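Asks: Shown below is the structure under consideration.
The values are calculated or read from the model by the stated rules, or taken from the named source; none is laboratory data. Predicted model, so just to flag it, every value in this text is computed and none were measured. FYI the Cβ positions are ideal-geometry reconstructions off the backbone, even for glycines, and counts take in every protein chain you see. Just the protein is used for accessible areas: all its heavy atoms, side chains included, with ligands, DNA and RNA removed. Shrake-Rupley method; radii C 1.70, N 1.55, O 1.52, S 1.80 Å.
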Amino acid sequence: MTAAGRTRRKDILRELGLAPLWRTRTEMHGRASAEKAEATGEPIPGLHVDAKEDRRTQISRMGWDELKASVEGCIACPLSQSRTRTVFGIGDRNADWLYVGEGPGAQEDATGEPFVGQAGKLLDNMLAAIDLKRGQNVYIANIVKCRPPDNRAPTSHEAHQCEPYLARQIELIKPRLIIALGKVAAENLLHTDASLGSLRGRLHQHSGIPVIVTYHPAYLLRTLPAKAKAWEDLCFARRTMGTLGTSE
Ligand code: URA
């Protein structure tokens with residue numbers, strides 16, 4: 001690798017919060033062996049796992065401002081290369097209700113706000129149906145903070161790389177109830193590949209917080225008959241919040 005390449009790599013590692021580990025690896029194995037491993041792609045035991053823990057640990061200590069800045073500068077997955085803007089999440093940071101979607105679409109990528117397109121209008125109506133309003137006791141976020149190109153679903157790698165950000169948002173918000181909007185949100189929050197239909201109508205848990213699964217608003221726009229089922233889910237969510245002793 002050239003000197004310029006090494007500098008670029010160091011910059012990226014520093015951006016990801018991995019620079020100290022890079023030093024540790026060099027110290028442990030010596031520059032010659034580190035450079036040999038870099039050239040051959042040979043794994044160095046412990047580095048990969050420690051590196052991931054390090055980034056996650058750093059994110060898990062962040063406050064809101066630092067977290068938002070970290071998301072804005074994130075280059076941890078390929079979505080960072082095609083995004084226009086990151087979409088951090090929006091709403092009441094002390095909300096009882098957390099709605100989690102899949103990932104930004106074109107309009108969200110352009111504006112930096114989640115659920116502002118057609119699906120967002122429907123989400124606002126779904127909120128209104130149970131007397132909720134965007135920004136008032138409600139926070140809205142996504143599984144990934146950058147737009148997957150061509151509106152494809154995020155890959156498991158992209159979701160995994162983004163997960164510490166949502167995990168930290170959940171820790172900071174401490175919602176009483178999480179609503180998973182659609183299969184991608186349910187899969188990633190509940191670590192299951194069960195069908196959405198089989199996950200509806202029961203209470204699940206994520207980090208000790210109750211989770212209710214319903215259809216994604218974009219799916220509802222395409223599949224009108226599912227709206228009646230979504231209405232059942234919303235009523236279930238409202239009843240559940242009642243039993244959780246909401247501060248409303
Ligand atoms: N769909 C999502 O899942 N999230 C958004 O923010 C917009 C559309």
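Asks: Just checking, does the range 132-144 include any residue being of a type in the set (Gly, Ala, Ser) and in a strand (DSSP E or B)?
Replies: Yes, the range 132-144 contains at least one residue that is of a type in the set (Gly, Ala, Ser) and in a strand (DSSP E or B).
Asks: On to the next question. I'm checking my understanding of the structure. Among residues of the range 92-112 that are within 20 Å of Ala180 (Cβ to Cβ) and near the ligand (Cβ under 9 Å from one of its atoms), which one is surrounded by the fewest Cβ atoms within 10 Å (Cβ to Cβ)?
Replies: Only one residue tops the list, namely Gly105.
Asks: Name, by its number, the condition in (1) modelled with pLDDT under 95; (2) within 25 Å of Arg147 (Cβ to Cβ); (3) surrounded by fewer than 12 Cβ atoms within 10 Å (Cβ to Cβ) that does not hold for Gln81.
Replies: (1)
Asks: Another question about this same structure. If you go through the range 59-80 one residue at a time, do you hit one that is within 13 Å of the ligand (Cβ to nearest atom) and of a type in the set (Ser, Thr, Tyr)?
Replies: Within the range 59-80 (the criterion being within 13 Å of the ligand (Cβ to nearest atom) and of a type in the set (Ser, Thr, Tyr)), the answer is no, since none of the residues qualifies.
Asks: Among the listed residues Ile143, Ile173, Ile209, Ile179, which satisfies the condition of being in contact with a strand residue (DSSP E or B) (Cβ under 6 Å, 6 or more places away or on another chain), within 14 Å of the ligand (Cβ to nearest atom) and of a type in the set (Val, Ile, Thr)? Before the answer, list the steps.
Replies: Values: Ile143 fails: in contact with a strand residue (DSSP E or B) (Cβ under 6 Å, 6 or more places away or on another chain); Ile173 fails: within 14 Å of the ligand (Cβ to nearest atom); Ile209 fails: within 14 Å of the ligand (Cβ to nearest atom).
Step by step, each of Ile143, Ile173, Ile209, Ile179 is checked, and only Ile179 is in contact with a strand residue (DSSP E or B) (Cβ under 6 Å, 6 or more places away or on another chain), within 14 Å of the ligand (Cβ to nearest atom) and of a type in the set (Val, Ile, Thr).
Asks: Quick one: in the range 210-248, of everything that is of a type in the set (Val, Ile, Thr) and touching a residue at least 60 places away in the same chain (Cβ under 8 Å), which residue is most open to solvent (accessible area, probe 1.4 Å)?
Replies: Only one residue fits best here, namely Thr246.
Asks: Any residue in the range 147-175 that is more than 11 Å from Asn188 (Cβ to Cβ) sitting within a Cβ distance under 8 Å of a residue that is among the aromatic types (Phe, Trp, Tyr)? List the pairs, counting only those 6 or more apart or interchain.
Replies: From residues that are more than 11 Å from Asn188 (Cβ to Cβ), the pairs are Gln169/Tyr139; Leu172/Trp64; Ile173/Tyr139; Pro175/Trp97; Pro175/Tyr139.
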